[in-house]
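Here's the structure, in structure tokens; my notes come after.
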Amino acid sequence: MKINILKNYWELGSVVADIVEHILSLPEPKLILPTGSTPLSLYKELVNRDLDWSTATTYNLDEYVDNTIQEQSYKYFMWENLFNHININEDNVFFPSDIAVWPDMDYGVGVDLCLLGIGGNGHIAFNEPGSSFESETRMVDLTKETIKDNSRFFPTIDDVPKQALTIGLKPIMSSKKIVLMVSGEHKLNIMNVAMAGEVTESIPASILQTHNNVQVYYCDI
């Protein structure tokens, strides 16, 4: 699997924005979107391009459960960094907490583009190591490593939610196209293991090796 090496974080956002812009030109496009620090440059670029989102439907990869800090919810993140600045129909914006919508996804069939990041332990969305490759959208317990990684966004590690709702690996893999965005030298090793090592449920992202339309973009700064 080819890994595209980019100059920096802002080029990462620009290159992936080109892909999103193409998807938005399709009739009634459907996209699965991530949160976190990696896609921020992408969302800034998309806002600056002033694209037409009026016919688009979006599904977010995951959301915390029992999060008492509203500003750290993924719903808040998406509205603050993207949705409030584009002409998307709010009735077409879905999160895993919108339980009723997930059966209608038909496990991702019809989703034109799924954007992903990768966790330090190889998770994609919140599909932690050991997640079944047949996993569906569900509530999961976060590992100690994930809680530690995410603690940088919270006042203390004790404030980090211990559970999350996540799209499963099965609907992710049913997407027509997948783009994996990776930023930071600290993610280089897990990216290489996931993309070139054994396909195993202990490294959930390794399942991407079996998809026929995956692009990987990496920047170290």
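Could you list, in sequence order, the residues of the range 19-71 that are polar (S, T, N, Q) and over 16 Å from the mean Cα position of the chain (by Cα)?
25, 48, 54, 55, 67, 68, 70
Which one is most open to solvent (accessible area, probe 1.4 Å), of the residues in the range 198-221 that are in a helix (DSSP H, G or I) and of a type in the set (Ser, Thr, Tyr)?
210
In the range 68-80, how many are part of a helix (DSSP H, G or I) and either over 14 Å from residue 53 (Cβ atoms) or of a type in the set (D, E, K, R) (or both)? Steps first, answer last, please.
Initial filter on the range 68-80 (part of a helix (DSSP H, G or I)): 70-72, 74-80.
After this cut, where a residue has to be either over 14 Å from residue 53 (Cβ atoms) or of a type in the set (D, E, K, R) (or both) as well, the list is 70-72, 74-77, 80.
Of the residues in that region, 8 qualify.
Among (1) charged (D, E, K, R); (2) under 20 Å from residue 3 (Cα atoms); (3) in contact with a strand residue (DSSP E or B) (Cβ under 7 Å, 6 or more places away or on another chain), there is one condition residue 185 misses while meeting the rest; what is its number?
Status for residue 185: all satisfied but (3).
Of all residues in the range 4-40, count the ones that are touching a residue at least 40 places away in the same chain (Cβ under 8 Å) and either surrounded by fewer than 16 Cβ atoms within 10 Å (Cβ to Cβ) or assigned to a helix (DSSP H, G or I) (or both).
Restricting attention to the range 4-40, the residues satisfying the condition of being touching a residue at least 40 places away in the same chain (Cβ under 8 Å) are 4-9, 11-12, 15-16, 19-20, 23, 26, 29-40.
Now restrict to residues that are either surrounded by fewer than 16 Cβ atoms within 10 Å (Cβ to Cβ) or assigned to a helix (DSSP H, G or I) (or both): 4-5, 7-9, 11-12, 15-16, 19-20, 23, 26, 37, 40.
Of the residues in the range 4-40, 15 are touching a residue at least 40 places away in the same chain (Cβ under 8 Å) and either surrounded by fewer than 16 Cβ atoms within 10 Å (Cβ to Cβ) or assigned to a helix (DSSP H, G or I) (or both).
Which pairs have Cβ atoms under 7 Å, sit 6 or more apart or on different chains, and link a residue in the range 194-216 that is farther than 14 Å from residue 2 by Cα to one that is aromatic (Phe, Trp, Tyr)?
Close Cβ pairs satisfying both conditions: 201/133; 207/133.
Name the strands (runs of 3 or more DSSP E) wholly within the range 118-197 that hold at least 1 residues that are at pLDDT 90 or above, farther than 21 Å from residue 60 by Cα and open to solvent by less than 40 Å² (accessible area, probe 1.4 Å)? Show your work before the answer.
On the way: elements: 138-141, 163-166, 178-183.
By residue number, no strands (runs of 3 or more DSSP E) qualify.
Could you list all residues from the range 81-99 that are assigned to a loop (DSSP other than H, G, I, E, B) and closer than 22 Å to residue 142 by Cβ? Full working, then the answer.
The initial filter retains those residues of the range 81-99 that are assigned to a loop (DSSP other than H, G, I, E, B), namely 82, 86-89, 95-98.
Selection gives 95, 96, 97, 98.
The values are calculated or read from the model by the stated rules, or taken from the named source; none is laboratory data. On a predicted model such as this, the values are computed, not experimentally measured, just so you know. Glycine also receives a Cβ, built like all others from the backbone with ideal geometry; neighbour counts cover every protein chain displayed. For accessibility, only protein heavy atoms count, side chains too; no ligands or nucleic acids. Shrake-Rupley method; radii C 1.70, N 1.55, O 1.52, S 1.80 Å.
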